[in-house]
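The next block holds one structure in the form of structure tokens; read it before the comments.
Only the coordinates and a few stated rules stand behind these numbers; no lab work does. A quick note: this is a predicted structure, and the numbers were derived from the prediction, not measured. Cβ atoms come from the backbone with ideal geometry, glycine included; neighbour counts cover every protein chain shown.
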Amino acid sequence: MIEVRNLYKRYHGPFGGDWVLKDLNFTIPDNVSVGIVGRNGAGKSTLLRIIGGMDAPDKGEVLKDCRISWPIGLGGGFQGSMTGRQNVKFVARIQGAGNRLQEIIRSVEDFAEIGSAFDQPVKTYSSGMRSRLAFGLSLAFNFDVYLSDEATAVGDAAFKAKATKAFKDRVGKASIIMVSHQTGMLRTLCQAGIWINNGSATWFDDINEAIQSYEKSIGK
């Protein structure tokens, strides 16, 4: 279960900043996959990073009793001067890979499909290559909840299909919290929805109702 309590977040500039997220309160039950919808800049990725522990709220808290992945698709968190292989090895050791280390490295290399770039510094990667690497690395571990930020929009049609299948294969074994503008994908993979609008979050037990509210707000 993941519980968000009285959560506020803003980004501070030289002249202050408005609240991106204001007084968010909701609970994500175990084994429920959730789609997050909202306009560009609404705070969807910010919320995902906070749930994943990559960012912190200004006020409030996120309570969780499950293993959560880093946000797949953001491609952040890698050490730029290290190669893809070295980054994977580093993360795998932190995650306690033990004697699975070489298996995990091969799995990520095969899934990411970045060829010889796997042994080049990550700072030379395109954003898409970073995302592929992050995607493959996340899927190499058995998390209870996978966070996805437009991950299925990365790469060519073949890779998108591969990414979508990877998520579908995990339905029933783990849950997903997904940010995506591909509403068809959200309907396929998610049961519930969160609509972020003007800094507030509205929970819907049915992903279709969340999408309908979002589309109505933008005049679709």
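Some points to look at:
- Cα gyration tensor shape of the chain, rounded if a/c is under 1.5, else prolate or oblate by comparing a/b with b/c: prolate
- The stretch 177-220 versus the stretch 10-69: alpha-carbon centroid distance in Å: 15 Å
- Under 24 Å of direct C-alpha separation, and excluding same-chain neighbours fewer than eight residues apart, LYS165 reaches these lysines: LYS44, LYS173.
- Each Cα pair under 8 Å and six or more residues apart adds its sequence gap; the mean of these over the residue count of the chain is a relative contact order of 28 percent.
- For PHE143, net neighbour charge (Lys/Arg +1, Asp/Glu -1) across residues whose Cβ lies under 12 Å away: +3
- Within a straight-line Cα-Cα reach of under 24 Å, LYS89 can be paired with the following lysines, leaving aside sequence neighbours fewer than 8 residues apart in one chain: LYS123, LYS162.
- With neighbours defined as other Cβ atoms within 10 Å of a residue's Cβ, the residues SER148, SER127, SER116, SER217 order from fewest to most as SER116, SER127, SER217, SER148.
- Counting only DSSP H runs of at least 4 residues, each contributing -39500 (n - 2.57), and dividing by the residue count of the chain, the helix-based mean residue ellipticity at 222 nm comes to -10500 deg cm²/dmol.
- Estimated inter-spin distance, LYS168 and ARG67, nm [label 7 Å along Cα→Cβ]: 2.6 nm
- Convex hull of Cα atoms in the stretch 39-100, direction-averaged projection (nm²): 6.2 nm²
- Seen from ASN31, the other residues with C-beta closer than 10 Å to its C-beta sum to a net charge of -1, counting Lys and Arg as +1 and Asp and Glu as -1.
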